[in-house]
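The values are calculated or read from the model by the stated rules, or taken from the named source; none is laboratory data. Everything numeric here is computed off the predicted structure, so don't read it as measured data. Methodologically, a virtual Cβ is constructed for each residue, glycine included, from the backbone with ideal geometry; neighbour enumeration extends over all protein chains shown.
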Amino acid sequence: MSTAVPSTADFIRLEEEHGAHNYHPLDVVVSKARGVWVWDVEGTKYLDFLAAYSAVNQGHCHPKIVATLKEQADRVTLTSRAFRNDQLGPLCAELCDLSGYNRFLPMNTGAEAVETAIKAARKWAHTVKGIPEGRGEILVFEGNFHGRTTTIVGFSSEEQYRKGFGPFTPGFRVLPYGDAKAVQSAITPDTIAILVEPIQGEGGIVIPPAGYLRALRELATAKRALLIVDEIQSGLGRTGKLFCYQHEGIRPDIVVIGKALGGGCVPISGILADDEVMGVFNPGDHGSTFGGNPLACAVARTALRVLREEGMIENSERLGDYFLQRLRALASPHVKEVRGKGLWIGLELLASAGGARRFCEVLQRQGLLCKETHLNIIRFAPPLVITRAEIDWAMERIARVLA
């Protein structure tokens, strides 16, 4: 019997033969991670410049988060919401104190949290605003990415996300992103809500014009519609503030959070809102067996604490500015545009560059892990614990590959 240690090729073969082919990952098989670094099964070391799509803002295996995970796992992991646990109430209170909202409703994944926001907005519209059942629409935007459920992909403008999955849920109108005048023309008394990403992450780190979110806030208020901001990727320090919408000084009616709330260890998500919106839910209206479980809540409490106490949000702002300046100074025949906020940066290549995937593959061989989005955009989103020296290390490789 062979005792050979499985190789990268062995693990890839198993996944290709027995897993669904719904992803196209880079061919690196990670077996260990700490902070901003990961190691593959052969022991090769890489700098992680994706941070699990911002789910690992606090860095891989943060010691305080892992300690909480282990301690709570030895006590109690799941009760369902049929009973109360000693972690959910404190998490809700801490999140409300941090964000300024009255209530938090926990779920598990980002898509679940978006679905929860949609349900809350619709029920609010029918029971509080007075829009009759079966009427009303939610305004959404081209290039959006809010998840993968059939309702959510139904209002995606990306054909691949929709193809073969219909029929879709009605009640959504898709508008151009970043165009406040289009919203002004489309919004009516029957508008339930505006659902928007403050920066479109999956779309390629697309940043709307200054004042866009303020205009949406004003338009929603004028028509008594809700403003829902999806902060699943952009929130919890990624752009240099706790929430990205804070850059424009506004206050949404519903804030959707997830990813980094679990500190890279467990899935937990949810929505923040005030009593008028959250009060539409009565027992039995909505729920989740795992939503608000004590393991995830305990981890989230520590994930939020280290984010603040260890200066990760400020680090994102400071080093994000530095990284952007260095990327914009690159001498490269391939770069069309560099855009970003905090440690969330999109580098768009010219069509003549031959696509972003091949650059990501070469960067992998140089020890840097990042991921393409769409055809021509490379995303850079390292954990927020990264140092200036580590950004310099990455820049040496990025400059070399893009030259």
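Of the residues making up the stretch 345-374, those that are in contact (Cβ under 8 Å) with a residue 24 or more places away in the chain and touching a Gly at 6+ places or on another chain (Cβ under 9 Å) are ILE345, GLY346, LEU347, GLU348, LEU349, THR373, HIS374.
Across the stretch 286-337, the qualifying residues are those that are outside the structural domain of VAL206 (by TED's automatic domain parsing) and of a type in the set (S, T, N, Q), and the one among them that is surrounded by the most Cβ atoms within 10 Å (Cβ to Cβ) is SER316. Restricted to the stretch 218-252, and to residues there that are touching a helix residue (DSSP H, G or I) at 6+ places or on another chain (Cβ under 9 Å) and of a type in the set (Ser, Thr, Tyr), the residue that is surrounded by the most Cβ atoms within 10 Å (Cβ to Cβ) is THR239. GLN184 meets the conditions (1) touching a residue at least 24 places away in the same chain (Cβ under 8 Å); (2) part of a helix (DSSP H, G or I); (3) surrounded by 15 or more Cβ atoms within 10 Å (Cβ to Cβ) in every case but one. The failed one is (3).
Within the stretch 215-248, being within 20 Å of ALA121 (Cβ to Cβ), touching a residue at least 12 places away in the same chain (Cβ under 8 Å) and charged (D, E, K, R) holds for ARG217, LYS223, ARG224, ASP230, GLU231. Suppose the filter is farther than 27 Å from LEU307 by Cβ, among the hydroxyl-bearing types (Ser, Thr, Tyr) and modelled with pLDDT of 95 or more; does THR3 pass it? It is false that THR3 is farther than 27 Å from LEU307 by Cβ, among the hydroxyl-bearing types (Ser, Thr, Tyr) and modelled with pLDDT of 95 or more.
Rundown of residues vs (1) of a type outside the set (A, V, I, L, M, F, W, C); (2) in a loop (DSSP other than H, G, I, E, B); (3) under 29 Å from GLY237 (Cα atoms); (4) outside the structural domain of GLY235 (by TED's automatic domain parsing), yes/no style:
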residue	(1), (2), (3), (4)
ALA20	no, yes, no, yes
TYR23	yes, yes, yes, yes
ALA67	no, no, yes, no
ALA82	no, yes, no, no
LEU91	no, no, yes, no
ALA113	no, no, yes, no
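Each residue in the stretch 17-33 was checked for being more than 15 Å from GLN364 (Cβ to Cβ) and at pLDDT 95 or above, and 8 pass.
For residues in the stretch 158-179 being at pLDDT 95 or above and touching an Asp or Glu at 6+ places or on another chain (Cβ under 9 Å), which is surrounded by the fewest Cβ atoms within 10 Å (Cβ to Cβ)? The qualifying residue surrounded by the fewest Cβ atoms within 10 Å (Cβ to Cβ) is PRO170. Scanning the stretch 43-83 for residues that are among the acidic types (Asp, Glu) and either surrounded by 15 or more Cβ atoms within 10 Å (Cβ to Cβ) or closer than 30 Å to LEU368 by Cα (or both) yields a total of 1. Just the residues that are of a type in the set (Val, Ile, Thr) and surrounded by fewer than 18 Cβ atoms within 10 Å (Cβ to Cβ), please, taken from the stretch 127-142. Those that are of a type in the set (Val, Ile, Thr) and surrounded by fewer than 18 Cβ atoms within 10 Å (Cβ to Cβ): THR127, VAL128. Taken together, ASP86, ASP40, ASP97 contain a single residue that is more than 19 Å from THR289 (Cβ to Cβ) and loosely packed, with under 15 Cβ neighbours inside 10 Å, which is ASP97. Being outside any helix (DSSP H, G or I), at pLDDT 95 or above, of a type in the set (Val, Ile, Thr) and touching a helix residue (DSSP H, G or I) at 6+ places or on another chain (Cβ under 7 Å), is that true of even one residue in the stretch 139-156? Yes - at least one qualifying residue is present in the stretch 139-156.
Among the residues of the stretch 300-322, not a single one is of a type outside the set (Val, Ile, Thr) and more than 19 Å from VAL385 (Cβ to Cβ). Residue check: is ARG397 charged (D, E, K, R), in contact (Cβ under 8 Å) with a residue 24 or more places away in the chain, surrounded by fewer than 20 Cβ atoms within 10 Å (Cβ to Cβ) and within 20 Å of VAL38 (Cβ to Cβ)? Considered against the rule, which asks whether it is charged (D, E, K, R), in contact (Cβ under 8 Å) with a residue 24 or more places away in the chain, surrounded by fewer than 20 Cβ atoms within 10 Å (Cβ to Cβ) and within 20 Å of VAL38 (Cβ to Cβ), ARG397 comes out as yes.
SER54: of a type in the set (Gly, Ala, Ser) and in contact with a Ser or Thr (Cβ under 9 Å, 6 or more places away or on another chain), yes or no? So SER54 fits the description; yes.
For PHE145, the test of being surrounded by 20 or more Cβ atoms within 10 Å (Cβ to Cβ), touching a residue at least 12 places away in the same chain (Cβ under 8 Å) and more than 18 Å from ALA273 (Cβ to Cβ) is passed.
All of THR109, THR116 fail the test of being closer than 20 Å to ALA298 by Cα, within 18 Å of the chain's Cα centre (by Cα) and among the hydroxyl-bearing types (Ser, Thr, Tyr), apart from THR109.
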